[in-house]
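Heads up: the structure comes next, in structure tokens.
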Amino acid sequence: MRPIVCFLLLLWPAFGAVDGVIINGATGKPEPDTEVMLIQPTQAGMKNLGSTKSDAQGKFSFDNNDESGPRLIQAIFQGVQYNKMVAPGMPSTGVQIPVYPASDKPGIAKETQHFIVLQPGEKEMTVSEGLLYVGDPHATYYDPVNGSVRFYVPPEAKGPISVTVNPAGGMPIQRPALKTKDPNIYKVDYPVRPGETRFDLNYTVPTMNPMIFTDKELHPEASSNLVVPNGVTAKSADLELAGTEPKTQASIYRIKNANFKVEVDGMGLLDTPSEGSGSQGSEDNGQPQVQEVKPRIYENMYWILGMAFAILGLGSVLLARHRATS
């Protein structure tokens with residue numbers, strides 16, 4: 001019995017250790033002298049379990065590992081942070097963390113899709129926008145001075161502008177919308193790493209009669225669409241109807257011009273069915289529905305944004321069919 005105990009004690013440091021190597025994603029070679037931290041998420045916040053630097057072979061290691069919960073390995077390279085989550089039960093040794101050279105050169109990351117969802121209510125209209133960026137496979141775009149992402153917000157916007165960043169393979173995080181020297185142009189100080197990163201914007205504008213919404217596409221090369229709920233109409237020479245989403249009957253428009261203006265008529269909200277709602281005889285099948293009700297600001301915003309991207313994909317298909325038959 002005693003030899004077994006001694007054997008387990010010898011193996012314990014190996015079980016408790018976290019180690020790995022930092023790899024330069026552009027060259028495929030180990031990256032030395034990179035700052036690495038081991039973080040443990042707790043109910044009280046992030047607990048720093050230790051920090052070190054990668055050696056000449058790009059290797060790093062931590063001995064004070066707490067395996068009772070998930071751990072987060074953070075590597076900081078050229079001012080950009082790269083994360084690797086190690087969940088309980090996952091291998092914590094030999095972890096590879098790719099890092100990439102940072103560049104502020106425009107064009108390293110490209111905006112490929114832009115959607116706008118308008119939800120008019122009695123007193124204000126909720127505006128939800130999604131900007132999808134695709135990063136360079138060998139570099140990270142990071143411009144902390146001018147902002148890695150810039151966007152236009154109409155001067156009528158009221159209240160705070162909410163920005164949620166959805167990085168590739170990461171959890172959504174909040175970032176502030178910062179003013180620039182250009183009127184109505186805002187920026188987000190956040191790096192665009194290789195892969196897809198989505199920036200979700202939310203703000204409101206007061207309801208007017210008529211309801212006029214204006215916007216500017218800072219990247220006209222991106223595919224841009226506007227979505228309004230069933231019961232709401234959008235009139236503009238700058239828009240082209242691409243189709244409707246079958247389940248919700250939401251209208252999808254292709255934005256034709258970089259600077260556009262649209263007149264919005266009606267009220268409506270993209271919504272999910274509530275528990276226990278619905279009239280007798282109608283079956284709640286869990287599918288998205290559109291209800292013409294007063295807006296409940298931000299209550300189902302993540303669902304709305306996710307659905308809007310699904311609508312965006314459908315709109316592209318409908319648009320392709322429309323062009324093929326015209």
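Filter region 172-202 for residues that are farther than 24 Å from T126 by Cβ and free of Cβ contacts under 8 Å to residues at least 24 places away in the same chain; which is surrounded by the fewest Cβ atoms within 10 Å (Cβ to Cβ)?
By that ranking, first place goes to K181.
For residues that are of a type in the set (V, I, T) and surrounded by 18 or more Cβ atoms within 10 Å (Cβ to Cβ), scanning just region 221-246, find the one that is farthest from N209 (Cα to Cα).
As a first pass, look at region 221-246 and keep what is of a type in the set (V, I, T): 227-228, 232-233, 244.
This time we only want the ones that are surrounded by 18 or more Cβ atoms within 10 Å (Cβ to Cβ), so: 227-228, 232.
Working: V227: 20, V228: 17, V232: 14 Å.
Here the residue is V227.
Test A87 against the stated conditions and say whether it is farther than 30 Å from S251 by Cα, touching a strand residue (DSSP E or B) at 6+ places or on another chain (Cβ under 9 Å) and small (G, A, S). So that I can check it myself, show each step before the final result.
Working: farther than 30 Å from S251 by Cα: yes; touching a strand residue (DSSP E or B) at 6+ places or on another chain (Cβ under 9 Å): yes; small (G, A, S): yes.
It is true that A87 is farther than 30 Å from S251 by Cα, touching a strand residue (DSSP E or B) at 6+ places or on another chain (Cβ under 9 Å) and small (G, A, S).
Considering only region 236-260, state which residues are basic (K, R) and over 17 Å from V117 (Cβ atoms). Steps first, please.
Initial filter on region 236-260 (basic (K, R)): 247, 254, 256.
Selection gives K256 alone.
Which members of region 65-116 meet the condition of being in contact with a His (Cβ under 7 Å, 6 or more places away or on another chain) and acidic (D, E)?
E111
State which residue is farthest from M211 (Cα to Cα) when the search covers only region 249-272 and only residues that are crowded, with 20+ Cβ neighbours inside 10 Å and under 24 Å from the mean Cα position of the chain (by Cα).
Taking region 249-272 first, the residues crowded, with 20+ Cβ neighbours inside 10 Å are 250-253, 255, 260, 262, 264, 268-271.
Next cut, under 24 Å from the mean Cα position of the chain (by Cα) only: 250-253, 255, 269-271.
Details: A250: 19, S251: 17, I252: 18, Y253: 17, I255: 18, L269: 16, L270: 18, D271: 21 Å.
The qualifying residue farthest from M211 (Cα to Cα) is D271.
Take N225 and tell me if it is of a type outside the set (G, A, S), under 14 Å from I116 (Cβ atoms) and in a loop (DSSP other than H, G, I, E, B).
Working: of a type outside the set (G, A, S): yes; under 14 Å from I116 (Cβ atoms): yes; in a loop (DSSP other than H, G, I, E, B): no.
So N225 does not fit the description; no.
For residues that are of a type in the set (G, A, S) and surrounded by fewer than 16 Cβ atoms within 10 Å (Cβ to Cβ), scanning just region 160-171, find the one that is farthest from M125 (Cα to Cα).
Pass one, region 160-171, residues of a type in the set (G, A, S): 162, 168-170.
Restricting the remaining residues to those that are surrounded by fewer than 16 Cβ atoms within 10 Å (Cβ to Cβ) gives 168-170.
On the way: A168: 30, G169: 32, G170: 30 Å.
Selected residue: G169.
Name the single residue that is surrounded by the fewest Cβ atoms within 10 Å (Cβ to Cβ) among those in region 67-100 being hydrophobic (A, V, I, L, M, F, W, C), farther than 15 Å from P32 by Cα and under 24 Å from the mean Cα position of the chain (by Cα).
For region 67-100, the residue satisfying everything is A87.
So how many residues does region 203-220 have that are under 24 Å from D136 (Cβ atoms) and without any contact (Cβ under 8 Å) to a residue 24 or more places away in the chain? Quick ask: steps written out before the conclusion?
Going residue by residue through region 203-220, those that are under 24 Å from D136 (Cβ atoms) are 217-220.
Subset that is without any contact (Cβ under 8 Å) to a residue 24 or more places away in the chain: none.
Selection size over region 203-220: 0.
Any read-out appearing in this document is the output of simple, stated calculations on the displayed coordinates, not a laboratory observation. These figures come from a predicted structure and were not determined experimentally. FYI the Cβ positions are ideal-geometry reconstructions off the backbone, even for glycines, and counts take in every protein chain you see.
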